[in-house]
Structure formats: C-alpha cells, structure tokens
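The values are calculated or read from the model by the stated rules, or taken from the named source; none is laboratory data. Small disclaimer: the values here were computed from a predicted structure and weren't measured. Cβ placement follows ideal geometry from the backbone for every residue including glycine, while neighbour counts extend to all protein chains displayed. Keep in mind that these areas ignore ligands, DNA and RNA; they rest on the heavy atoms of the full protein, side chains included. Shrake-Rupley method; radii C 1.70, N 1.55, O 1.52, S 1.80 Å.
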Amino acid sequence: MLIQENIPLAPLTTFKVGGPARYFVEATSEDDVKVAVAQAAERRWPLFILGGGTNLVISDEGWPGLVLKIAINGITQPQELGGDVFQVGAGHVWDSFVAHAVRGNYAGIECLSGIPGTVGGTPIQNVGAYGQEVAETITSVHVLEIANGQTHELNNSHCGFAYRSSIFNTTQLGRYIVLRVTYRLARNSAAKVEYADLKKYFSGFSSSPSLQQLRDAVRAIRQAKAMLLVEGDDDCRSAGSFFKNPIVTTAEADRIEAHAYQIGPKESMPRYYSDDGLVKLSAAWLVEHAGIHKGYGHGSVGISRKHTLAIVNRGGATARDIIAFKNEIQRRVLDVWGITLHPEPVFVGLQGSCD
C-alpha cells in the first residue's frame, strides 16, 4: 500500500475544486483500509474518507492529513443468502451495479440509474431519485469502526435511514467507514413508474416498460437536466443537486403557497405528501421563483443551464467562489420564502461555511 504526498484532490471530484491532500492512499481491500486507518491514528494525521468525489466541496487549502480513497470493487451473489441478495464493494461504481442488476432483471434500484459516485456513498446519504431510495433495498452495511479498527455488520434498522440521511452523516458522523453494502432486490418485478417525469416519458406506451427501458429513460432525463456525467459538458462540473428539498408541516406549505400567489407565480406549488403528515417541497421551484434562474451566475460559478439546483464550476472556480454563491442563493430563498435551504454536499475543510 503506497502512501503518496501532496496529491491534488480537485481532479478526483466532479466539482474540480479543492487543494491537495498532504498524504493520500488508495485502498483496494478491507485490510488496506485497516492499515491506513491505523497509520493515520499512529501518526496523528487527520483522516478523510474519499469515495467517488461526486458530492464534495473541498477547501482551496486541501486536506492537512491523510485522504483515504476507498477502491474496494466487486459484486457477489452469495447463494446462502438467496439469489436476490447482492454484496457490493464500497468502491464499486454505483451506476455499474445498477446496470448489472437491470441486466439480470432485478428491480429495486432502476430509478437510481445514472447517479454518479460509488456504492459506499449510497447508504450514507440514503440516495434516492424518482420514487426509490436505497433504504428500501439495503439489508446491511459492513463497516469499519475508526476508533478501534473493528468491523461490524449494521442491519437496515441500525442505519437510521431518513430522507437523504442516515446515522453515517448525522448521529454517527465520522465513526464508521463503509466497506461493503448488501442489497436485496426483486427478480422479475415490474419497473417503478411513479414520478411525473417518468409518467410523461412513458405516456405513449401501450404496456409497462421493462427495467432496461426505465433505466434508459432515467438516464435520458438526467442527461437533459445535466445530472448525468458526460465528458465535455460544462454543466456536469458540479456536485449534482446542491440543495435538499425542504420538508415542512402542512401549515408551513400552505403559508408558502399563499405567499406565492401574493407575489406573482399564479401556479400550484409542487408538494409531495409523506406518510408522517409532512410535506416535501421542491427546492428547485423555490430557487427558480426567488428569481434565480437556469444559467444565472457570476463569472466562474453559476447555475446550470439545465437544472436550477445544480451549482456549476464554469472553469477556474474556487471553493470560496462556490460557498459565496451558495450563500447568495440561500439568502435569496430565505428573503422571499422565509425558508432555509440546506445543502447536500459534504464540505471538506470548510466548517462554519456550510450551513
């Protein structure tokens, strides 16, 4: 296992910003991870775990300690767990796993096609899109506890899954490293067509789409919104959707919609009801109707020309530029709607500027 020094981190992220790692190692096995963690502890190096680099804003100063990139690959289907169970290395490319499942006609993650990053990041954020979340299919997460070097198998109920969150990015932030994720999928089940974009896409179909057709549709829709990584597309130099959809009470949603009718937009505000009686609002709608439109920006940083929620590096942007632009959007939405948008990306070395 080779520990390198002063390795640029910007090329390892989709945002293409950030300074260097003082020390850097790529771990391709569980043992590599254990050794790297132990060495960081012994040498008192601050430790940062890097996955696919798709949901990060890294400080312009970089990372002063060890950046440990998880590169554990592989997909297995242990027969003793049943043929519909998949164990996947945390460093495996997520969309590659989705493609593998769809080819085998396994349903459960087809709506999550085209999402960048690695498998290890999916339980951390409870990745979701178009009516599916990984929490619906994850049975367990194999982790390393950083403090003592021990491994644990955390079942679904232990992970504390909620909208875009889990124990890994909330109550137990920094405690574990994800090494492997186990999913249970459904063989020969129907594709899930629930969201409006998908219903519109398949409106002319006389029969239900296959899993492959749905996967192709999701990828096409994501590409149209610059949410699919395409080489040479400047709108893809981002961290994807930068803000979470706010979850509010019905009374708060009514207040915001009433205010919308007063100030201009004579249209129904998108709202999605959950089983607990709360309402999920569209962050994109709130941003757009606060006067920040697609293509808006300042020089090297701006909003995607295809998706209101994607902040993009138009070339030469710094982390400071991105944070300043993020703050501007949050202030505008708060001023217009009285609601605070919370960012989705992880901020590395930028504590105090990521609220």
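When only Cα pairs under 8 Å and 6 or more residues apart are kept, what is the percent relative contact order across the chain?
For the chain, the relative contact order is 16 percent.
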If contacts are Cα pairs under 8 angstrom and at least 6 residues apart, what is the relative contact order of the stretch 8-97 in percent?
31
Counting Lys and Arg as +1 and Asp and Glu as -1, each charge on the Cβ, what is the dipole of the chain about the Cα centre in debye, to the nearest 20?
560
Dividing the helical contributions, -39500 (n - 2.57) per DSSP H run of n ≥ 4, by the residues of the chain yields a 222 nm value, nearest 500 deg cm²/dmol, of -7500 deg cm²/dmol
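Sequence gap at least 6, Cα distance under 8 Å: using those rules, report the relative contact order of the stretch 135-252 to the nearest whole percent.
Details: 104 pairs, mean separation 22.7, N = 118.
That works out to 19 percent.
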Could you list the GluC sites (Glu not before Pro) in the stretch 231-302 that lie in coil according to DSSP, counting only those with at most 14 other Cβ atoms within 10 Å of their Cβ?
GLU231, GLU267
Report the label-to-label distance for GLU61 and ARG305 in nanometres (one decimal), using points 7 Å from each Cα along the Cα→Cβ vector.
3.7
Using a 1.4 angstrom probe on the protein heavy atoms only, could you order MET1, MET227 from most to least accessible area?
MET1, MET227
With the crude spin-label approximation of a point 7 Å out along Cα→Cβ, what separation in nm comes out for HIS298 versus ALA38?
4.9
Principal axis dimensions, largest first and in whole angstrom, of the stretch 109-212 by Cα:
57, 24, 22
State, to one decimal in nm, how far the label point of ARG187 lies from the label point of ARG314, with both points 7 Å from Cα in the Cβ direction.
5.3
Could you bin all the Cα-Cα distances of the chain into 10 Å bins starting at 0 and give me the percent of pairs in each, rounded to whole numbers?
5, 23, 32, 27, 11, 2, 0
Tell me, how many Å apart are the Cα centres for the stretch 11-60 and for the stretch 300-355?
23
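Find, among the chymotrypsin sites (Phe, Trp or Tyr not before Pro) in the stretch 38-139, those assigned to loop by DSSP (not H, G, I, E, B) with at most 14 other beta-carbon atoms within 10 angstrom.
none
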Would you kindly state how much longer the chain becomes between GLU252 and THR76 on full extension, computed as 0.36 nm times their sequence separation minus their alpha carbon distance, in nm to one decimal?
58.7 nm
Given springs between every Cα pair under 10 Å in a Gaussian network model of the chain, which of SER282, SER207, SER300 has the largest fluctuation?
SER207
